[in-house]
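> If you scroll down you'll find the structure; I have some questions about it.
The values are calculated or read from the model by the stated rules, or taken from the named source; none is laboratory data. Keep in mind the model is a prediction, meaning the values are calculated, not measured. Note that each Cβ is placed from the backbone with ideal geometry, even for glycine, and that neighbours are counted across all protein chains shown. Quick note on the areas: whole protein, heavy atoms, side chains included, nothing else; ligands and nucleic acids left out. Shrake-Rupley method; radii C 1.70, N 1.55, O 1.52, S 1.80 Å.
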Amino acid sequence: MSETLRYDGKVAVVTGAGNGLGRAYALLLGSRGAKVVVNDLGGSTHGEGASTNAADKVVEEIKSAGGEAVANYDSVEYGDKIIKTALDAFGRVDIVINNAGILRDVAFHKMTQKDWDLIYTVHLKGTYAVTKAAWETMRKQQFGRVINVASAAGLYGNFGQANYSAAKLGILGLTKTLAREGASKNIKVNCIAPLAGSRMTATVMPQEMVDALRPEFVAPVVAYLSHDSCESSGQVYELGAGWVAELRWQRAKGGFLPFGDASPEAVAKVWEKVTDYDDEPEYPESTQDSFGPVMGNLERYKEASSKL
Ligand SMILES: NC(=O)c1ccc[n+]([C@@H]2O[C@H](COP(=O)([O-])OP(=O)(O)OC[C@H]3O[C@@H](n4cnc5c(N)ncnc54)[C@H](O)[C@@H]3O)[C@@H](O)[C@H]2O)c1
């Protein structure tokens with residue numbers, strides 16, 4: 001038997017923890033010793049209204065199971081207030097799970113400024129604001145675990161979700177940079193792209209699937225990523241129904257324009273190579289890896305020009 005993963009002495013902030021996935025994260029961490037700030041604005045899936053009920057109910061569930069929790073009802077865009085609740089109640093913040101979310105699905109040609117702004121504000125700005133407010137404390141204590149929430153819609157695009165997919169892929173960029181900046185202070189930052197039944201997915205899934213895709217399948221992965229022992233950082237995991245996998249970039253080996261011919265026709269000639277993933281594809285992990293072939297080719301150009 002492997003060692004039980006516990007969170008005693010740790011303080012976890014879970015945003016949007018009044019329903020669905022966030023509730024499952026809060027309950028699991030609370031049942032394993034973490035002190036939990038249950039944040040939830042208590043509004044609709046569409047981002048309207050507010051209520052204290054959602055957060056209060058989950059706090060009660062954690063407490064009645066013997067755990068410790070406090071509620072916070074602020075919108076994630078006011079991250080400093082949420083982190084203040086953690087610091088006031090428990091004196092520290094170790095784990096931040098940026099889970100709060102809404103949908104404003106509509107085809108791009110019908111999307112309003114409000115549809116765009118609200119999704120950006122809750123998902124990307126909210127993830128920034130809560131993390132930013134916790135960051136200095138995590139740096140000082142030389143420990144932090146941040147789990148951000150992307151989506152397959154962001155990774156692959158999805159009809160009717162231009163606002164949501166843009167925000168969700170933005171969250172992955174934020175994750176990858178914060179993982180680098182947090183590395184020397186033992187702050188690990190990862191991202192998940194889950195699939196689970198919730199009131200959010202009930203708008204697009206049959207009830208049978210909503211019931212089967214339980215958030216409890218996703219919660220253990222989030223808990224694992226939140227644990228001291230987890231060394232991964234800057235990664236994104238797709239998961240649901242008890243399946244989980246890391247996702248990475250793959251790049252074709254690519255094609256080079258012939259020296260002295262920077263024309264669109266030259267691009268057309270190498271296009272097959274540009275899009276060929278079978279011939280020695282690469283898996284870049286950094287901007288250095290990304291720029292490698294560009295810098296290499298620049299050297300070749302310099303050499304070729306010097307021989308002219
Ligand atoms: N369920 C899925 O299959 C799925 C897939 C991909 C991504 N996600 C993401 O997972 C997260 C959780 O989704 P869910 O399916 O559990 O949805 P959900 O609607 O059940 O839960 C989201 C919670 O966030 C809260 N919330 C919304 N706006 C808030 C704000 N401004 N401040 C604080 N709380 C706020 C809501 O009140 C709600 O309780 C979201 O970020 C969502 O985009 C879910």
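> Would you mind counting up the charge near Thr15? Only other residues with Cβ under 11 Å from its Cβ, with Lys and Arg at +1 and Asp and Glu at -1.
Taking every Cβ under 11 Å from that of Thr15, the sum is -3.
> Give the accessible surface of the stretch 11-247 per residue, rounded to a whole number of Å², with probe radius 1.4 Å and ligands, DNA and RNA excluded.
Computed with neighbouring chains in place, this is 43 Å² per residue.
> Express as a percent, rounded to the nearest 5, the fraction of DSSP beta bridges in the chain (both residues included) that run antiparallel.
Among the beta bridges of the chain, antiparallel pairing accounts for roughly 20 percent.
> State which entries of Lys35/Lys81; Lys273/Lys302; Lys35/Lys63; Lys176/Lys253 exceed 21 angstrom in Cα-Cα distance in the structure shown.
Over 21 Å apart, Cα to Cα: Lys273/Lys302; Lys176/Lys253.
> Under 17 Å from the Cα of Lys185, which aspartates and glutamates turn up, not counting those fewer than eight places away in the same chain?
Asp94, Glu136, Asp228, Glu231
> Averaged per residue, what accessible surface does the stretch 264-306 expose to a 1.4 Å probe, in Å²?
Counting only protein heavy atoms, the per-residue value for the stretch 264-306 is 82 Å².
> Of Met111, Ala100, Ala71, which is farthest along the charge dipole of the chain in the positive direction, counting Lys and Arg as +1 and Asp and Glu as -1 at C-beta?
Ala71
> Out of residues 5 or more away from Val146 or on other chains, whose amide H comes under 5 Å of its own, with H placed 1.01 Å from N in the peptide plane?
Those qualifying (amide H under 5 Å, at least 5 residues apart or on another chain) are Val96, Lys188, Val189, Asn190.
> May I ask you to give the percent of accessible area on the stretch 34-139 that is carbon plus sulfur, with a probe radius of 1.4 Å?
Here it works out to 51 percent.
> Let me ask you something else. Working from the pairwise distances between different alpha carbons, so that the mean of 1/r is found and then inverted, what is the stretch 264-306's Kirkwood radius in Å?
About 12.3 Å, per the Kirkwood formula over Cα pairs.
> Could you list log10 I(q)/I(0) for the chain at q = 0.07, 0.08, 0.11 Å⁻¹, which the Debye formula gives when each Cα is one point scatterer?
Debye curve over Cα of the chain, log10 I(q)/I(0) at q = 0.07, 0.08, 0.11 Å⁻¹: -0.33, -0.41, -0.71.
> Which value results when the Cα radius of gyration for the stretch 1-119 is divided by 2.2 N^0.38 Å?
Against the compact-globule rule of thumb, the ratio is 1.15.
> Shifting gears a bit: Which percent of the accessible heavy-atom area of the stretch 264-306 goes to carbon and sulfur, probe 1.4 angstrom?
57
> If you don't mind, another one. Of Trp116, Trp243, Trp271, which has the largest mean-square fluctuation in a 10 Å C-alpha GNM of the chain?
Trp271
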